[in-house]
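Q: Can you read through this structure? Questions will come right after.
The values are calculated or read from the model by the stated rules, or taken from the named source; none is laboratory data. For clarity, every value in this text was computed on a predicted model and none was experimentally measured. We place every Cβ from the backbone using ideal geometry, glycine too, and count neighbours over all the protein chains shown. Heavy atoms of the whole protein, side chains included, go into the accessibility calculation; ligands, DNA and RNA do not. Shrake-Rupley method; radii C 1.70, N 1.55, O 1.52, S 1.80 Å.
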Amino acid sequence: MPELEETSMAAEIAAKFINYTSKHVFLTGKAGTGKTTFLRKLIKLTHKKALICAPTGIAAINASGVTIHSLFQLPFGAFFPDSAGNIINQNISFNFNTPKTIVKHMNMQGNKRRMLQELELLVIDEVSMLRADMLDAIDFALRYVRRNRNVPFGGVQVLFIGDLHQLPPVVKNDEWRVMAGFYKSIYFFDALALQNNPPIYIELDKIYRQDDAVFIGLLNNLRNNKITPEDTALLRQHFKQDFKPSTDENYITLTTHNNKADSINRERLTQLKNKSYFFDAKIQGEFNEYAYPNDKSLELKVGAQVMFIKNDMTAEKRYYNGKIGVVHHIEKDVIEIELPEEKTVIEISPYTWENVKYKLNEATNEIAEHVAGSFIQYPIKLAWAITVHKSQGLTFDKAIIDVGDAFAPGQAYVALSRLRSLKGLVLTSHLRESGLQQDQNIHYFSKSKQTAEVLTEQISAESYDFIRTYLLTAFDLNLIRYYIKEHLQTFDKGEKSVKQKYDDWTMEIFRDFQKITATADTFVNQLKGLFAEQTEHTFFNVSKRVEAALKYFNPLVKGISDKFLAHIESVKEEKQIKTYLTELLELEILVYEQLKKMHKSKALLQAIIEGKEFSKADTDALLNTAERNEQLQKAIRLKGEVLKVKSAVEKKKKEPKIDTKLLSFELYEQGKNLEEIARERGFSVGTIEGHLAYYVATQQLDVSKLVKANKIKNITDAVESQKTKSMATIRDFLGKDYSFGEIKLVLASLFPSEE
């Protein structure tokens, strides 16, 4: 699949909204328009502190991000933004959360909390799967952690990326029965957090997958609910009910269910009489098995039809994500794939998928990613069949679409858009009208899309507000003054500690900073006056004043930073001083970060005036980061230890103990079986059964879902006949076919008050 060769106007507009405004952005586009390429480029270049997350583990791995649940430490289950209101007196049979339960589950360490406080841009990929209530949970978490309750997402800008015509959010009927009291639809754009500040709708419009004009027209009509009789007739031309391709035609079947795709692949592999070879993935570090991007053990035979699940990263670009090939030759550590179209044979190498984690760099105060684990496996899988769900992001030359009546609204588009052209399409069942129509909520939301001209005008207006806010914040020193004062108030003349010796030094620092803050307040008021004029010369006038102000404030604020570092260096060899040093370091980082914001605000303003791009590299070049890092690394070294910076704006508090029973219950509610829960949590199945017994006793779980009916009857009979509740006695009576966990579950259902 070719890379994005040029930057479309839509992509340029999206980048400007992200870099020079505070507006939320929804970036969408038909399959193959370059959304992933845009994201990679954005993260590499943006000057904002950014994080990437996604609704599922696999989506997160593919986006080089983390899952939403892990990033925000959200419990599983539906989220209701109000703990009372519409859910009072309702008989709720599923697991749900409220703001109160989210706070209870939040066990955020200092670095992660500070990272979210520093965050400027949150990217949510594969947003078609994101539920409205999940987005409101993110909104609450950010407001809570950032101590900014009155602003959506705590002041963080959000970039939503995805195609709403792809995989929809999953919601059960009983969940939606209650959620409908809060939400117009389950889609992310109907989250309460976006109602007064909806995202800018930007659609990438250059198609890189298809070059068939008739096919592109058909796909557009499917997306826009404008299906014509000609479209229907066109699809009927590709209907071949009992189509059986020959082995050399390299068709892949798209179906709706995993078991059907697996069955086809297994059957076709078995038909090959060649020897099986097994290739085991190498898993290093931390990598959740539910996010494995390929089979842990890959079984292959010569002659097997496979598809690539990654683009070729070499200069040759020999294959792309979704390209079909045939296994040509296998040895112990060698796999050769024949590419039928090119009539060539290539040897492939294992690919490394990385599990990325984010952390705030203590020295630079920038958000940095590190690799927590990796999954190394050949980037191919059996490809006689695949589900529509797993085909997202892939490109096929030939496909048999076998979907029948199983499609949800709009899912025909998902399957058809995998193809390069209509030439490779075979339908083994007719697509029903219900499968061709799009969801009306998506249709209405798409009407918020504006023309490029309107969006360009909006960037100008929004960037004015953005740079105004950025400048006023950069030169407002009152928050740091407050923290230094708060630190000063921790001194106690009556307390005997090393720290108390430096009361006078701290008072001097506070007085110096108070003077700087008073002057900065005067300058901030001047800025407000200049921006209020709103003339064609406003930016020019502001720029001159900011340049002069920076010359004045830079040596003063840098001087405070240097004093903190020098003081740390002079006292750090004293005994019982670690807590005091940490307090000093927290304050110094706040001071230096403010200095960076001052410099960055001037550079950003200049970039906007000159119409130039401002990137991450430009931010790094503002100050001598190498010298600064060396200074800080020296300061935080303490007799072989490294000082750990806690949040300066969050007082450390004891986090509530996590309810281990609840975690098991939440995983069960997600649809995982007992063995999967036990494996994920590192417990025995018996322990998980013990956890779930509590929910059987409280009648939140039906025991018949966990224990077979005949066993329930036999355990119940044993309790009555043996006149006992002793699990050991009952097991001795029934035999070893009955586990203690099963007995405990049945007892919990019989005697709920005793659990």
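Q: Give the residues of the stretch 646-662 that are modelled with pLDDT of 75 or more and either touching a Leu at 6+ places or on another chain (Cβ under 6 Å) or surrounded by 17 or more Cβ atoms within 10 Å (Cβ to Cβ) (or both), sorted by residue number.
A: Our first condition is that a residue be modelled with pLDDT of 75 or more; within the stretch 646-662, this holds for 660-662.
The answer is Leu662, and nothing else.
Q: For Val707, work out the one condition from (1) farther than 30 Å from Phe287 by Cβ; (2) surrounded by fewer than 18 Cβ atoms within 10 Å (Cβ to Cβ) it doesn't fulfil.
A: In the conditions (1) farther than 30 Å from Phe287 by Cβ; (2) surrounded by fewer than 18 Cβ atoms within 10 Å (Cβ to Cβ), Val707 misses (2) alone.
Q: In the stretch 300-316, which residues are over 27 Å from the mean Cα position of the chain (by Cα), touching a residue at least 12 places away in the same chain (Cβ under 8 Å) and open to solvent by 40 Å² or more (accessible area, probe 1.4 Å)?
A: Result: Val302, single match.
Q: Still on this structure, I have one more. Before we move on, is Leu192 aliphatic (A, V, I, L, M) and within 15 Å of Met134 (Cβ to Cβ)?
A: yes
Q: Look through Leu254, Leu219 and report the one residue that is part of a strand (DSSP E or B), within 23 Å of Tyr320 (Cα to Cα) and open to solvent by less than 30 Å² (accessible area, probe 1.4 Å).
A: Within the list Leu254, Leu219, the selection yields Leu254.
Q: Further, regarding this structure: Within the set of pairs 6+ apart or on separate chains, which have a first residue in the stretch 225-244 that is under 30 Å from Lys447 (Cα atoms) and assigned to a helix (DSSP H, G or I), a second that is open to solvent by 40 Å² or more (accessible area, probe 1.4 Å) and of a type in the set (A, V, I, L, M), and C-beta atoms under 9 Å apart?
A: Partner pairs satisfying both residue conditions: Leu234/Val214.
Q: Something else now. Only one of these conditions is not met by Phe513: (1) in contact (Cβ under 8 Å) with a residue 40 or more places away in the chain; (2) farther than 26 Å from Ile577 by Cα. Which number is it?
A: In the conditions (1) in contact (Cβ under 8 Å) with a residue 40 or more places away in the chain; (2) farther than 26 Å from Ile577 by Cα, Phe513 misses (2) alone.
Q: On to the next question. Given (1) open to solvent by 60 Å² or more (accessible area, probe 1.4 Å); (2) out of contact with any helix residue (DSSP H, G or I) (no Cβ under 8 Å at 6 or more places or on another chain); (3) in a helix (DSSP H, G or I), where does Glu547 come up short, assuming only one miss?
A: (2)
Q: Which of the residues that make up the stretch 264-284 are surrounded by fewer than 16 Cβ atoms within 10 Å (Cβ to Cβ), in contact (Cβ under 8 Å) with a residue 12 or more places away in the chain and among the basic types (Lys, Arg)?
A: Matches in the stretch 264-284: Lys275, Lys282.
Q: Would you check which residues across the stretch 285-294 are surrounded by fewer than 16 Cβ atoms within 10 Å (Cβ to Cβ) and at negative phi and list them? Reasoning before the result, please.
A: Restricting attention to the stretch 285-294, the residues satisfying the condition of being surrounded by fewer than 16 Cβ atoms within 10 Å (Cβ to Cβ) are 285-286, 289-290.
Once the filter is applied, which keeps residues that are surrounded by fewer than 16 Cβ atoms within 10 Å (Cβ to Cβ) and at negative phi, the stretch 285-294 yields Glu286, Glu289, Tyr290.
Q: Same structure, new question: I need the strands (runs of 3 or more DSSP E) fully contained in the stretch 261-379, keeping only those with at least 3 residues that are modelled with pLDDT of 90 or more and small (Gly, Ala, Ser).
A: Counting at least 3 such residues, we get 367-377.
Q: Considering the stretch 354-378 alone, what residues qualify as being in contact (Cβ under 8 Å) with a residue 40 or more places away in the chain, within 18 Å of the chain's Cα centre (by Cα) and closer than 18 Å to Ile43 by Cα?
A: Once the filter is applied, which keeps residues that are in contact (Cβ under 8 Å) with a residue 40 or more places away in the chain, within 18 Å of the chain's Cα centre (by Cα) and closer than 18 Å to Ile43 by Cα, the stretch 354-378 yields Glu354, Asn355, Val356, Lys357, Tyr358, Lys359, Leu360, Ile367, Glu369, Val371.
Q: Here is a follow-up. Select from the stretch 35-65 the residues that are among the polar types (S, T, N, Q) and assigned to a helix (DSSP H, G or I) and write down the one among them that is nearest to Trp353 (Cα to Cα). If you could, list the steps in order and put the result at the bottom.
A: Kept after step one, since they are among the polar types (S, T, N, Q), are these residues of the stretch 35-65: 36-37, 46, 56, 62, 64.
The next check asks that each one be assigned to a helix (DSSP H, G or I); those that pass are 36-37, 62.
Details: Thr36: 16, Thr37: 17, Asn62: 8 Å.
Across the stretch 35-65, the extreme among qualifying residues is Asn62.
Q: Quick check: is even one residue across the stretch 416-428 under 28 Å from Ala60 (Cα atoms), open to solvent by less than 20 Å² (accessible area, probe 1.4 Å) and at pLDDT below 75?
A: No, the conditions are met nowhere in the stretch 416-428.
Q: Pick out the one residue from Thr716, Thr724 that is open to solvent by 20 Å² or more (accessible area, probe 1.4 Å), over 28 Å from Arg114 (Cβ atoms) and modelled with pLDDT of 85 or more.
A: Selected residue: Thr716, the only one of Thr716, Thr724 that is open to solvent by 20 Å² or more (accessible area, probe 1.4 Å), over 28 Å from Arg114 (Cβ atoms) and modelled with pLDDT of 85 or more.
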